[in-house]
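First up is the structure itself, then whatever we jot down about it.
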Amino acid sequence: MSAVMSRTARLRHPVAGTLAVAGYVVMIVPILFVVATAFTAGSTLRFPPDGLSLRWFGEAVAYTPFMEAVVSSLQLAVLATGLALLLGVPVTLAIHRGKIPGKGLLEGLFLSPLVVPELVVGLALYQQLMIGLRLDNFTTLLLGHTALLLPYAVRVTGASLALADPALEEAARGLGASPLRAFVTVTLPMLRPGLISAGLLGFVTSFNNVPLSLLLQTRDFRTLPVTMLDYVQQSYDPMVAAASTLVLAATVVVAIVAERTVGFAKIFGGINR
Amino acid sequence: MTTPAAELVGVSQRFGSFTAVDSIDLQIPRGRLTTLLGPSGCGKTTTLRMLAGYSAPTSGRILIDGDDATRLPPEKRNLGMVFQSYALFPHMTVADNVAYGPKMRKVPAAERRRRAGEALELVGLAHLADRKPKQLSGGQQQRVALARAIAIRPRLLLLDEPLSNLDARLRVQMRAEIRRIQSETGLTVVLVTHDQDEALEMSDEMVLMRSGKIVQSGAPRDVFPAPADRFVAEFLGYENFLTLADGRQAAVRPEHLRVLPADTSAATSADGGIVLDAVVLDVAYRGVDLLVTLEATDPAGNAVRLLADHRADTATGPTPSAGDRVRLLAPEARLAHLSADSTAAPTAPTTAPTASTAPTEGIS
Amino acid sequence: MRARSSLLLLLPGLAFLCVGFLLPAVAMLFAPPGVSFAQVLERMGAMLTDPYDLGIIWRTVRIGLIVTALCVVLGFPIASLLARSQSRWSGVLLALAIFPLLLSNVVRTFGWLVVLGSNGVIGQLLTGLGIVDEAPQLLYTELAIVLGLVQLFLPLAVITCYSAVAQVDPGLDEAARGLGASRTRAFWSVLVPLSLPGIVVAATLVFAGSVTAYTTPYLLGGSSQRMLSTQLFSYASVTVDWAAASATAIVMTVLVFLVSGISTLVGRKGATA
Ligand SMILES: Nc1ncnc2c1ncn2[C@@H]1O[C@H](COP(=O)(O)OP(=O)(O)OP(=O)(O)O)[C@@H](O)[C@H]1O
Ligand SMILES: [Mg+2]
């Protein structure tokens, strides 16, 4: 990887090439070491590992708190993503196609959860909803995650909608389709890449979230990243490396799905190769 | 003979298995304006970019002022390039754009300003020096690009379809403008175009390209009346192709094919030209003249469809109309004899009523 | 679409946004449980004069600035090499730079424990080669936090810069070269100024992310290298000092808003200049 980078880059520009290689090393190499240490047969987190085994993978899968947390995080991520799309797509339609005043302000409002630090939002939800209104932590987490994902739903599908020419829907109407029919048969298919992007991005964001979820944990319902974080802080064994490697593998699957459906780079917007 | 300003020796450019430029030899005469002319995709831009140093030839050598420059990076070649998109730096003023080249050459600031002013004066834009490129019209941007290229006092000025983004009137105006600048500065200019009118009007020397090869070159006065083959003839607006009795190929322009009454005696044309009996298929009114489509049998006995421009004010005889039997005359002096090679273009345009205008495929 | 149906599309999303984000956020700032806003303000005043608290704020800002600078210095070369390269590898390298955005922060940060820990790669290497007798303390230092945050935010810097560079006409580079500029000259006089708006956006995102990140300072900084985020968590969850938690949240939010505001102004000025 960095060999190729350095070869193509150094030929062009030695300084830029060296910086780029350094950047890739910082981004990628620590992740590789996680994978390497996960296969250790020893009981400490060290490199090079003491022998090879799958022992820690077994332990990670058998460790109930992790497995429960996986289920909880999946539930939360799927529900929050679905809800955010369900609420966000109508908002996008209203903003882009509706005749309402203050569209810029509205869009800004729906993007605002991105601006406030997530930890601060978590604190607010903890104080006001969990302590103040005595909501249970799952409901609070769902509310918070959905609000956090709304900006993705509104912005990413909005970008697709902006590409869809309103004249197409008008053409469908002229050909005899009802407004609903025109929307479903013409506009919705054009929104598909946006919906998939927003869905994948939302799912991953929710599933990996720490700062927002951090203060909203209880014994009954804990999310995976926070559980792993706590575990690492207490003990320092290769089981987390194994769990991390499993998360990495799952993420690679998500990335492949993304590449196959809408194109990996396009998910993050602005990149059209 | 003086060394040419630039010379390509057996230069090829391959992209994968595709050969965009196929072993061409070309000499660019000093102090003259040379055009590279050819249809879209024939390799004109590729040739110019290799000359400028933006891409290295796959094989062959490039000499500039007699020195090997094949591997020289563009910044060391000192050639002024005007891009089709102009490529003006949007974050700099017009003056800074023009002064950029001198700045890279470490010319002191005052001298830089003077030179930029001079170059802008030459293109008539000195009054817009403090504008940003976005605040200029297309024609003005084009002149700035020209001034910027001239300000480095280039050994060659390279222009890639410099006029194709301008509207029709401005385009014609700029042809004369570029000629004027060329003669005032005495620069060697290489200009790429797919417009044969442009090439004919502007060139000292024109080079016709097809599929990465040079098919003909020479002064417009020499090339125009004597296209080497059918491809060049078609490209230069010859619409009518005949096989003569002796088997040779000849081309005639529609404006040189005279439509006469059917009873005109063959003797009138005893100057060695060709006389054909024909039937008028269609007559289209075009203001200055009529475009007459005819069917005839050529001297070799093939049925051919021909186009003739008929000017009612200078022609003799009645105005032709569809169904008329007429006699066609192609004077010997107007017959272009083509080399018998196989370069005949696959699509014969004789059925297209485009008359004497250029094939339009080259507009990109 | 008529105004009434637009409103109908808008309402559910708006309601959710209010309950899950806007109202709690506002309520927390002004009325944490059992504390008055005056007490929050008083606590904030104390914070801005107390050397310990000031030290945390300054460390947060300092780390944010260093990380931002590093991400731009490493990210822009990567972005410009990828955007300008015609190599078939550039797509793979781009994907590799973006992939970490999908991967859990916990997993990514955990990698540094393996690299920097007392039995970690670097320690082993240094002692193994006999360069030092005892592995130096790398973990729980500011250096560790900086490395972790650069790893976290470099992908963001890369894709933001990539979009900016991709929008600059490559013909401009060539024009500069033809006028006598070397690669380096062309880079600084054409590519950098024209990508500057994108660089400013990238810097803002990285800074805002760095000063609010939790996982990295928690795992790599420990209790000796507190940042605003870890401090906030400790007030909210360990000492349960609502006034201090709210005050810290306000400081953090103001910091982020301040930098976003400045960058918007800079961007606007750049656009009109
Ligand atoms: N980088 C490249 N990779 C692959 N093929 C290329 C590349 N550049 C040019 N070509 C091909 O080489 C041929 C010649 O291209 P070139 O741009 O030189 O044509 P041109 O004569 O300038 O045409 P136009 O009048 O349309 O500008 C074309 O078929 C083009 O598709
Ligand atoms: Mg071209």
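What follows draws every value from the coordinates through simple rules; no lab data is involved. Every value quoted in this text rests on a predicted model; they were computed, and no experiment measured them. We place every Cβ from the backbone using ideal geometry, glycine too, and count neighbours over all the protein chains shown.
Counting neighbouring Cβ atoms within 10 Å and putting the fewest first, the residues B:CYS42, C:CYS18 line up as C:CYS18, B:CYS42. When the pairs B:LYS106/B:LYS132; B:LYS103/B:LYS213; B:LYS132/B:LYS213 are compared against a 29 Å limit on Cα-Cα distance, B:LYS103/B:LYS213; B:LYS132/B:LYS213 fall above it. Loop-located trypsin sites (Lys or Arg not before Pro) across segment A:166-240 with a Cβ neighbour count of 14 or fewer within 10 Å are A:ARG219, with loop assigned by DSSP. Note on the protein assembly as shown: Cα-Cα pairs beyond 48 Å make up 44% of the total pair count.
Build a GNM of chain C with springs between Cα atoms under 10 Å apart, and of C:VAL150, C:VAL190, C:VAL165 the one that fluctuates most is C:VAL190.
Report the far tail of the P(r) of chain B, meaning the percent of Cα-Cα pairs longer than 26 Å. Here the tail beyond 26 Å accounts for 57 percent of pairs.
Over all distinct Cα-Cα pairs of chain A, the Kirkwood formula returns a hydrodynamic radius of 21.6 Å. Cα-based Rg of segment A:101-181 per 2.2 N^0.38 Å, rounded to two decimals? Here the answer is 1.59, to two decimals.
Cβ crowding within 10 Å, taken as a proxy for footprinting-reagent exposure, orders B:ASP25, B:ASP298 from fewest neighbours to most as B:ASP25, B:ASP298.
Checking every one of the trypsin sites (Lys or Arg not before Pro) in segment C:62-135 against DSSP loop status and a limit of 16 other Cβ atoms within 10 Å picks out C:ARG88. The label point for B:LEU281 and the one for C:SER237, both projected 7 Å from the Cα toward the Cβ, are 8.6 nm apart.
In this label model, A:ASP165 and B:SER339 are separated by 4.8 nm, measuring between points 7 Å along each Cα→Cβ vector. The distance separating the Cα centre of segment B:321-341 from that of segment B:223-258 comes to 9 Å. Remark on B:LEU156: its backbone amide H falls under 5 Å from those of B:GLY80, a criterion applied only to residues 5 or more positions apart or on other chains, H modelled at 1.01 Å from N.
Comparing B:GLY287, B:GLY301, B:GLY60 in a Gaussian network model of chain B where C-alpha atoms under 10 Å apart are linked, the largest mean-square fluctuation is found at B:GLY287.
The 3J(HN,Hα) values that the Karplus relation (6.51, -1.76, 1.60; θ = phi - 60°) gives for segment C:85-94 are, in residue order, 7, 9, 5, 6, 6, 5, x, 5, 5, 5 Hz. Gly and Pro appear as x. With R₀ fixed at 22 Å, the C-beta to C-beta distance from B:SER40 to B:PHE18 puts the FRET efficiency at about 0.90.
Counting every other Cβ atom within 10 Å of each residue's Cβ, C:ILE199, C:ILE66, B:ILE150 order from fewest to most as C:ILE66, C:ILE199, B:ILE150. Per-residue Karplus couplings for segment C:25-42, computed as 6.51 cos²θ - 1.76 cosθ + 1.60 with θ equal to phi - 60°, are listed in order as 4, 5, 4, 4, 5, 9, 8, x, x, x, 10, 8, 4, 4, 5, 4, 4, 4 Hz, Gly and Pro entered as x. When shorter helices are ignored and each DSSP H run of at least 4 residues is given -39500 (n - 2.57), the per-residue value for the protein assembly as shown at 222 nm works out to -16500 deg cm²/dmol. Rounded to the nearest 20 debye, the dipole size of chain B about its Cα centre is 2040 debye, using +1 on the Cβ of Lys and Arg and -1 on the Cβ of Asp and Glu. A crude spin-label estimate for the pair A:VAL35 and C:TRP188, with each label 7 Å from Cα along the Cβ direction, gives 3.9 nm. Database remark: amide H of B:GLN216 closer than 5 angstrom to the amide H of B:LEU208 (H placed geometrically; neighbours at sequence offset of 5 or more, or on other chains; Pro and chain starts carry no H). Stokes-Einstein diffusion for segment C:37-272, with the hydrodynamic radius set to the Kirkwood value over Cα pairs and evaluated at 10 °C in a medium of 1.306 mPa s, equals 80 µm²/s. Starting from one equal scatterer on each C-alpha and no solvent at all, send me the Debye-based log10 I(q)/I(0) for segment A:136-261 at q = 0.20, 0.22 Å⁻¹, two decimals. So the normalised log intensities are -1.13, -1.22. Once backbone amide H atoms are built at 1.01 Å from N, B:ASP324 has B:VAL280 as its partners under 5 Å, excluding neighbours fewer than 5 places away on the same chain. Straight-distance candidates among the aspartates and glutamates for linking to B:LYS134, with alpha-carbon spacing under 15 Å and chain neighbours fewer than 8 residues away dropped: B:ASP96, C:ASP169. Within segment C:187-273, none of the chymotrypsin sites (Phe, Trp or Tyr not before Pro) combine a DSSP coil assignment with at most 12 other C-beta atoms in a 10 angstrom radius.
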